[in-house]
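Here's the structure we're looking at; comments come further down.
The values are calculated or read from the model by the stated rules, or taken from the named source; none is laboratory data. Being a predicted model, the structure only gives us computed values, none of them experimental. No Cβ is skipped: glycine too gets one built from the backbone with ideal geometry, and neighbour counts run over all protein chains shown.
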Amino acid sequence: GVLTRHRGQVVAVASGLHEADAEFRLEQSSAEKQLVAAEAGKLVSPGSSIMLDDSTSGVWLLRSLPDISSVTVVTNSLLVADEVAPYRGAKLLVSGGEYQAWAHSLMGAAAVRTIRSMHADFCFVSASGIFELGCYHPYQEVVEVKRAMLESAETRVLLLDHTKFNRRALFKFAELQEFDHVVVDDQASPGMLAHLRDTGVQVTVAGTGQVDKD
């Protein structure tokens, strides 16, 4: 269960101490990610500025938008950048930083400084795990980028598929209540949704449009 075969290569799967390669993650739970992305994409109006980190859910978010050419995208992810690049009207800003091959993204102090120098309409991020209302990731450098985006956006949106609940990782980057929208797929358990509702988390269940509020 530590390794899996992906496109003829052996790659490490995600764990509380390790994150899988971005191209591999893009295909994991892809149906659920597409559902969540389509729901979250309804928040984005033409002319919006959005921040997307190295979460592969961000790629699916872009694919859900009817017109990428009308938005401004700020990202540290080269997968996201590749998705935006073909659209001439879209404005793309890529952070500096040190390239991390496993994430296909730029990390470190330069990336954080670039992100903190801006203010966007939205940021869309995901998490490796959700435990006791905390959002976690295995790597500190990724947490620093996520935190910078959260503090540099008007509206904060968390994209989650149901497999992320009750998973642990080393570093916490946010509490669920910090997000303006938490979008989950329709396989999230009713008990979990009720718990989130009772603690004031603003949840939208993708595919149903159901919003749970306190």
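Give the residue that is nearest to E178 (Cα to Cα), with candidates limited to residues of the range 110-164 that are among the basic types (K, R) and more than 14 Å from the chain's Cα centre (by Cα).
That would be R116.
What is the one condition in (1) at pLDDT 95 or above; (2) in a loop (DSSP other than H, G, I, E, B); (3) within 22 Å of N76 (Cα to Cα) that A103 does not satisfy?
A103 satisfies all of (1) at pLDDT 95 or above; (2) in a loop (DSSP other than H, G, I, E, B); (3) within 22 Å of N76 (Cα to Cα) except (1).
Consider only pairs whose beta carbons are under 6 Å apart and that are at least six residues apart or on different chains; among these, list those whose first residue lies in the range 138-167 and is without any contact (Cβ under 8 Å) to a residue 60 or more places away in the chain and whose second residue is surrounded by fewer than 18 Cβ atoms within 10 Å (Cβ to Cβ) and in a helix (DSSP H, G or I).
A148/R116; F165/M192
For a quick check of your reading of the model, give me the residue pairs whose first member lies in the range 98-115 and is closer than 14 Å to R147 by Cα, whose second is assigned to a strand (DSSP E or B) and modelled with pLDDT of 95 or more, with beta-carbon atoms closer than 6 Å and at least 6 apart or on different chains.
M107/E98; G108/E98
So which residues in the range 87-142 are among the basic types (K, R) and either in contact with an Asp or Glu (Cβ under 8 Å, 6 or more places away or on another chain) or buried (at least 23 other Cβ atoms within 10 Å of the Cβ) (or both)?
Answer for the range 87-142, where residues must be among the basic types (K, R) and either in contact with an Asp or Glu (Cβ under 8 Å, 6 or more places away or on another chain) or buried (at least 23 other Cβ atoms within 10 Å of the Cβ) (or both): just R116.
Within the range 6-54, count every residue that is modelled with pLDDT of 95 or more and of a type in the set (D, E, K, R).
Qualifying residue count for the region: 3.
Only one residue in R167, R156, R197 is in a helix (DSSP H, G or I) and either in contact with a helix residue (DSSP H, G or I) (Cβ under 6 Å, 6 or more places away or on another chain) or at pLDDT below 95 (or both), so which one is that?
Values: R167 fails: in a helix (DSSP H, G or I); R156 fails: in a helix (DSSP H, G or I).
Result of the check over R167, R156, R197: R197.
Among the residues of the range 57-75, is there at least one that is surrounded by 23 or more Cβ atoms within 10 Å (Cβ to Cβ), assigned to a loop (DSSP other than H, G, I, E, B) and in contact (Cβ under 8 Å) with a residue 60 or more places away in the chain?
No: zero hits.
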